[in-house]
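Colleague: Take this structure first; my questions come after.
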Amino acid sequence: MDVRSQVSMVFHLDKCIGCHTCSVACKNVWTDREGTEYMWWNNVETKPGTGYPTKWEDQESYRGGWKTDGKKLSLRSTGKARIIPNIFHNTSMPSMDDYYEPWTYDFKELFNAPEGDDQPVAVPISKITGEQIDVEAGPNWDDDLGGSQIYARNDPNMEALTPNQRLQMMSIERLVFFYLPRICHHCLNPACVASCPSGALYKRGEDGIVLINQQVCRAWRACVAACPYKKTYYNWSTGKSEKCILCFPRLETGQAPACFHSCVGRIRYIGNVLYDADMLPEIANLPDDELVDAQRRMILDPFDEHVLEAARKNGIHEGIIESAQRSPVYAFVKEFGIALPPHIEYRTFPMLFYVPPLLPVMSSKENDVIDNDIDDLFADIEKARAPIQYFGSLFGGGNDGVVRYALRKQWAVRLVRRHLTVGDVTKETAERALAQADCTWEQADRIYRLTTLANMDERCIIPPFQREMAIEMMEDPHTHRSSVGFGFRNAPARGN
Amino acid sequence: MPKFAVVERDYKNVYEKYISYGHLPRKNGLGAHGTHYDITDVHDELVRTNPSRTIDGAEHLSLERARDVANVILVLATVTNGELAWRSYKDMEEKVGLPLADLADGNRNVRVQFADLQAQPRRLLNSPMWSGLTNSGRAYAPFTYNRERMVPWRTLTGRQHLYLDHPLYLEFGEHVPTYKPGPPPAEFADLRFSEKVGPTLELNYLTPHGKWHIHSTYGENERMTTLGRGCDPLWMNETDAESLDIVDNDWVEVHNDNGVVVTRAVVSARIPRGICIQYHSPERTYSIPKSPLRGHKRAGGHNSMTRTRLKVNLMAGGYGQFTFHFNYWGPTGCNRDTQIYVRKLPELVW
Amino acid sequence: MNTQASMHTQQAAHRVLVIALVATGFACAAPLTRTAAAQDADISEETVEYFRLNCTSCHTIGGGRLTGPDLKDVAERQSIEWLTTFIVDPKRVIDSGDADAQALFKEANGLYMPTLPGMTRQRAAALLELIAYESTKEESRFKGLQISDRPLTQHDIDRGQRLFEGTEAIASGAPSCLGCHTIDGTGGFGGGRLGPDLTDAFSRLEGRKALASWLAAPPGLTMQPVFKDRPIEGEEVLALVAYLKSRAEAGPPATKQGPLEFLIAGIAGVMGALVLFDLIWRRRFRAVRRPLVKGTTR
């Protein structure tokens, strides 16, 4: 048992209001520099939709992530041999058009326009060429089902639905959408790290954060192609690639990452989990629909004595163990079992988990009471606007069962709360729901509190980093806002 | 006989008066929402410490520079001056007969000035002027003050109303908030003179608030325009758009008797047929081409389609909360939907 | 007093006189023999080597005319001063209108003697000394390349072509001529463009002996470094002479191929490469967003 600790995340999608405060926070802090205009280390997508870059989930085109032949993993986009003829031009790399061409407006025109008989206007101009641009793409182009005929209808997850289900998802009064905020998942088996020919990508041992060494990076961009979530980006100005760093300068000073801290909907939870790295090669080649459960098995009980013994033997500090015991991520993922990894079938084993949204469900009531005699208390979930198969494709690796489990448990908690606060659900019904959802009164209460009442101190349990012992103390992250956040003495640049 | 008030005008000092704080607040105190507090001592101290101007021998607080204006506001407001908040609670205690000043206890010596805000945003202090209690880091939630401290609402009954038994409301059938269908399109009477030019569709035009913009604030910077469509688009139904051969991101021209808009279309399944949406309320400063229908002049914005319509109910009075109060209750230009014609833009001219 | 003592003195004086005379004689003769010996000693190996490398391609000493005149006893025909000036800058002397120089120029069919690398007045003087010395010999070591007079056969011509084009390597490892030179009718696109066209080389250099001598030790700044350590020798020279002779006599070919065909072949090659790359990387990433929009909307 090779016990490691990893800082992991949970996003609760029933709470996300799609305000993009997270995106703006990250952009203002980290990607406000020349060369990073098109980068959104944190982006929020509307689902159903094609996201950013457009249709990134289509791995037939983008060729990110791993595939298996049942015995061995191999990267879709590259390999030790294949990288050589493709080293100077990676044939699996998206172009700028698939992200978008960044633009601004010629605001100067409003001041400098000559006297005339009509009002001047600021036209859109490209940030790349400086010329007037016909804006046709952006990082959030299909927001709120805009252009649904083009984008939402071509959401790769729609392929898991029947034609009838697809039709319903686009019909007025039956349609539905939710928001999917995405950052780098700091995977356990990162394809980006595996693909780098220079060895610039690495995963930190103490917390699992994946980073790109700005001195070693040679901008081969194998990582851009290899990441199935497309969360590494090339900086055209410094000639290096960059990615979400999980705000490690903030974490190391006990602060939550910027996107977590600024989240208006309070949907984000961060905490570390202990996992067994030895299990990774065993489960990496399992069939797609077994992967969610397998990854869950890899996450270890931080109260189990065997686990703790192995952890201490591996040099994991007591403070980190104690954080793992208080971790909200462990609760959602392992204890409650209601948080699921995105597209586990890419086999990178992401450590960011989503609680699938209940979304507007059709409720069945009779005489103002949710009927005790209804056989299937969860029929409403099956009739939900977003079909379970959609979530099965997005969060289950094709396994609808794990999604159903997550939704049923949330529904049971809802019935329990309705019983307690409104009174139109009887105790028997609530108990029946709990039993069928594999839940208890205590757990339902914990889920309710963690979902609804938790404040920042309970949502973000940051393990101690002891950085003052490891390296010299960093300065206040505020002072480095919008500057190159890495390489204080030796800034990243071509040739460095 | 209506109430007359005598107002003095000193025309040779108009500009001087424009950039100075008058003496009436010092005399009468300040307040709103039924609150009141005296500011004499604070005002006099401010005249000594902050820039002031002399008009005909009398000293006034200066309002010449923006920073000075900000400081005057901050020092004389209850939400940023703890002593005044306490004073205002004390005054309210007399009116409602309940102990309230404890709500300001911890903050009595807090003063927030402009320089403080420049360094870091500050939380507002508890004040009887606003109905949310924010003690100890609590997030502002409206009416917690009324509910938890039993301070009556400022209505006829002292409670929140769902039912309004005002004769005018009863007559209009709006005494309870029930569904009322919109008027037939012709009643908007905004398409009396407009003509269809080319393939055109008549749609109901709605202008709800934008997802991210509080009117034009926050909407026009590079961040927010990049996270949207880069303009203020017209949201249309898929089938309606198809009938005009319009696809997502095409330019469209929208017009009625009141004005014209030229913008891009967002074609979406979530818009019902017969309706289009343009979120309000941005300025006309970016991404607006010229309108062929209006002699190639710069097109308008979302306000160009709608016009002010007075709502009779809002002129009702003599009933507690329906008393006219400037900026709070009275007739406003409230209707924000109307009918329009939309067509595909024939030529794009900037 | 004349006694035996005086006779001895007279004999001694006589002896001294003879010795003195002989010594003087020797002294007089010594410069002559010392000159001859000194020439052997004064003419450095370097000068000899220089002559061999730079001069023998066009001149012999006592071997007859090649491209340039036979240099045997040249000092008898012109003054040392004139010769030195000429050697240092032949073109200037010829162009100045000097009658003798002009006559030589005409004789050489309008070929200028090249200005030789590293030529100075001292070197010219040394070379003239060498020429004078060699002129005294019965058979100078620079009597010229002994090239056979046998008739040149088709076999020689074929071999010469092979050597020229590089199909057969030159024994010493020298590069083949085609690398820098071209001849009408050679190959699809002709040969190299660095050196001059050699179609008329045989006639320009006046025949077998001259051309052969030239080939044996090509002079000049460009050719010399190439062939200095890797000379063309023996039968190879003869073969090349035969080939060049045949080309000079053949005249221009019926068709002339040139740059246009090269361009077309180049373009065809590039297209072929692109098609190949397109096949190898047929599964490469192509655009996603734009085709999605175009495909769905129009």
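The values are calculated or read from the model by the stated rules, or taken from the named source; none is laboratory data. Bear in mind that the values here come from a model prediction, so they are computed numbers and not experimental data. Cβ atoms come from the backbone with ideal geometry, glycine included; neighbour counts cover every protein chain shown. When the accessible area is computed, the model is the full protein with side chains, heavy atoms only, and any ligands, DNA or RNA have been set aside. Shrake-Rupley method; radii C 1.70, N 1.55, O 1.52, S 1.80 Å.
Colleague: Could you grab me the full set of residues in the range C:207-222 that are in a helix (DSSP H, G or I) and within 17 Å of residue C:119 (Cα to Cα)?
Modeller: Passing the criteria: none in range.
Colleague: Just one of (1) facing chain B (nearest Cβ under 7 Å); (2) at pLDDT below 95; (3) buried (at least 18 other Cβ atoms within 10 Å of the Cβ) trips up residue A:176, so point out which.
Modeller: (1)
Colleague: Restricting the search to the range A:218-240, which residues are closer than 21 Å to residue A:82 by Cβ and either without any contact (Cβ under 8 Å) to a residue 40 or more places away in the chain or open to solvent by 10 Å² or more (accessible area, probe 1.4 Å) (or both)?
Modeller: Matches in the range A:218-240: A:218, A:219, A:220, A:221, A:223, A:227, A:234.
Colleague: Let me spell it out: the conditions are (1) over 30 Å from residue C:279 (Cα atoms); (2) surrounded by 16 or more Cβ atoms within 10 Å (Cβ to Cβ), and residue A:119 meets all of them except one. Which number is the exception?
Modeller: Against the list (1) over 30 Å from residue C:279 (Cα atoms); (2) surrounded by 16 or more Cβ atoms within 10 Å (Cβ to Cβ), residue A:119 comes up short only on (2).
Colleague: Determine which member of the set C:135, C:79, C:140 is of a type in the set (S, T, N, Q) and out of contact with any helix residue (DSSP H, G or I) (no Cβ under 9 Å at 6 or more places or on another chain).
Modeller: The unique qualifying residue is C:79.
So that you can scan it fast, the table gives a plain yes or no per residue for (1) closer than 15 Å to residue B:103 by Cβ; (2) loosely packed, with under 14 Cβ neighbours inside 10 Å; (3) charged (D, E, K, R):
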{"position": "B:142", "(1), (2), (3)": "no, yes, no"}
{"position": "B:148", "(1), (2), (3)": "yes, yes, yes"}
{"position": "B:153", "(1), (2), (3)": "no, no, no"}
{"position": "B:157", "(1), (2), (3)": "no, yes, no"}
{"position": "B:166", "(1), (2), (3)": "no, no, no"}
{"position": "B:171", "(1), (2), (3)": "no, yes, yes"}
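Colleague: Looking only at the range A:41-84, filter to residues that are open to solvent by 10 Å² or more (accessible area, probe 1.4 Å) and of a type in the set (Lys, Arg); which one of those is nearest to the other protein chains (Cβ to nearest Cβ)?
Modeller: Of everything passing the filter in the range A:41-84, A:55 is nearest to the other protein chains (Cβ to nearest Cβ).
Colleague: For the range B:19-28, how many residues are buried (at least 18 other Cβ atoms within 10 Å of the Cβ) and not in a helix (DSSP H, G or I)?
Modeller: So the answer is 2.
Yes/no per residue for (1) within 24 Å of the chain's Cα centre (by Cα); (2) among the hydrophobic types (A, V, I, L, M, F, W, C); (3) modelled with pLDDT of 90 or more:
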{"residue": "B:78", "(1), (2), (3)": "yes, no, yes"}
{"residue": "B:81", "(1), (2), (3)": "no, no, yes"}
{"residue": "B:88", "(1), (2), (3)": "no, no, yes"}
{"residue": "B:112", "(1), (2), (3)": "no, yes, yes"}
{"residue": "B:122", "(1), (2), (3)": "yes, no, yes"}
{"residue": "B:129", "(1), (2), (3)": "yes, yes, yes"}
{"residue": "B:160", "(1), (2), (3)": "yes, no, yes"}
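Colleague: Any residue that is over 22 Å from the mean Cα position of the chain (by Cα) and in the same structural domain as residue A:153 (by TED's automatic domain parsing) - is there at least one of those in the range A:47-61?
Modeller: no
Colleague: Restricting the range C:229-246 to residues that are closer than 11 Å to residue C:158 by Cα and surrounded by fewer than 24 Cβ atoms within 10 Å (Cβ to Cβ), which is nearest to the chain's Cα centre (by Cα)?
Modeller: Filtering the range C:229-246 for residues that are closer than 11 Å to residue C:158 by Cα and surrounded by fewer than 24 Cβ atoms within 10 Å (Cβ to Cβ), the one nearest to the chain's Cα centre (by Cα) comes out as C:242.
Colleague: Something else: Within the range B:309-321, can one find any residue that is part of a loop (DSSP other than H, G, I, E, B) and under 19 Å from residue B:209 (Cα atoms)?
Modeller: yes
Colleague: Looking at (1) touching a helix residue (DSSP H, G or I) at 6+ places or on another chain (Cβ under 9 Å); (2) in a loop (DSSP other than H, G, I, E, B); (3) in the same structural domain as residue C:49 (by TED's automatic domain parsing), which is the one condition that is false for residue C:123?
Modeller: (2)
Colleague: Could you list, in sequence order, the residues of the range A:400-413 that are open to solvent by 30 Å² or more (accessible area, probe 1.4 Å) and not charged (D, E, K, R)?
Modeller: A:401, A:405 - these are the residues of the range A:400-413 that are open to solvent by 30 Å² or more (accessible area, probe 1.4 Å) and not charged (D, E, K, R).
Colleague: A further question on this structure: Taking into account only those residues within the range A:87-112 that are at pLDDT below 95 and within 8 Å of chain C (Cβ to nearest Cβ), which is surrounded by the most Cβ atoms within 10 Å (Cβ to Cβ)?
Modeller: It comes out as A:92.
Colleague: Kindly establish whether residue A:295 is open to solvent by less than 10 Å² (accessible area, probe 1.4 Å), of a type outside the set (A, V, I, L, M, F, W, C) and either touching a residue at least 60 places away in the same chain (Cβ under 8 Å) or not assigned by TED's automatic domain parsing to the domain that holds residue A:22 (or both).
Modeller: yes
Colleague: Counting only residues that are polar (S, T, N, Q) and at pLDDT 95 or above, which one in the range A:127-148 is nearest to residue B:286 (Cα to Cα)?
Modeller: For the range A:127-148, the residue satisfying everything is A:132.
Residue-wise test of (1) outside the structural domain of residue B:44 (by TED's automatic domain parsing); (2) open to solvent by 20 Å² or more (accessible area, probe 1.4 Å); (3) in contact (Cβ under 8 Å) with a residue 24 or more places away in the chain.
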| position | (1), (2), (3) |
| --- | --- |
| B:60 | no, yes, yes |
| B:81 | no, no, yes |
| B:89 | no, no, yes |
| B:105 | no, yes, no |
| B:113 | no, yes, yes |
| B:120 | no, yes, no |
| B:138 | no, yes, no |
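Colleague: Can you pull out the residues in the range B:212-232 that are more than 22 Å from residue B:251 (Cβ to Cβ) and in contact with a helix residue (DSSP H, G or I) (Cβ under 8 Å, 6 or more places away or on another chain)?
Modeller: B:212, B:218, B:223 - these are the residues of the range B:212-232 that are more than 22 Å from residue B:251 (Cβ to Cβ) and in contact with a helix residue (DSSP H, G or I) (Cβ under 8 Å, 6 or more places away or on another chain).
Colleague: In the list C:144, C:166, C:160, which residue meets the criterion of being at pLDDT below 80, closer than 20 Å to residue C:223 by Cα and out of contact with any Asp or Glu (no Cβ under 8 Å at 6 or more places or on another chain)?
Modeller: After ruling out the rest, the residue left standing is C:144.
Colleague: Restricting to the range B:225-260, what's the tally of residues that are closer than 16 Å to residue B:293 by Cβ and either within 13 Å of another protein chain (Cβ to nearest Cβ) or in a loop (DSSP other than H, G, I, E, B) (or both)?
Modeller: 7
Colleague: Under the condition of being within 11 Å of another protein chain (Cβ to nearest Cβ) and of a type outside the set (A, V, I, L, M), which residue from the range B:261-273 is surrounded by the most Cβ atoms within 10 Å (Cβ to Cβ)?
Modeller: If we take residues in the range B:261-273 being within 11 Å of another protein chain (Cβ to nearest Cβ) and of a type outside the set (A, V, I, L, M), then B:268 is surrounded by the most Cβ atoms within 10 Å (Cβ to Cβ).
Colleague: So which of C:60, C:153 ends up being among the β-branched types (Val, Ile, Thr), at pLDDT below 90 and either over 29 Å from residue C:232 (Cα atoms) or open to solvent by less than 60 Å² (accessible area, probe 1.4 Å) (or both)?
Modeller: C:60
Colleague: Still on this model: So which residues in the range A:25-35 are buried (at least 21 other Cβ atoms within 10 Å of the Cβ) and at the interface with chain B (Cβ under 10 Å from one of its Cβ atoms), if there are any at all?
Modeller: Selection gives A:27 alone.
Colleague: Which of the residues belonging to the range C:118-143 are among the charged types (D, E, K, R), over 17 Å from residue C:84 (Cα atoms) and crowded, with 17+ Cβ neighbours inside 10 Å?
Modeller: The answer is C:134, C:143.
Colleague: Scan the strands (runs of 3 or more DSSP E) fully inside the range A:231-307 and keep the ones with 1 or more residues being farther than 22 Å from residue A:192 by Cα.
Modeller: It comes to A:268-276.
Colleague: Scan A:132, A:149, A:165 and give me the residue that is more than 25 Å from the chain's Cα centre (by Cα) and more than 8 Å from chain B (Cβ to nearest Cβ).
Modeller: Every option except A:165 fails the conditions.
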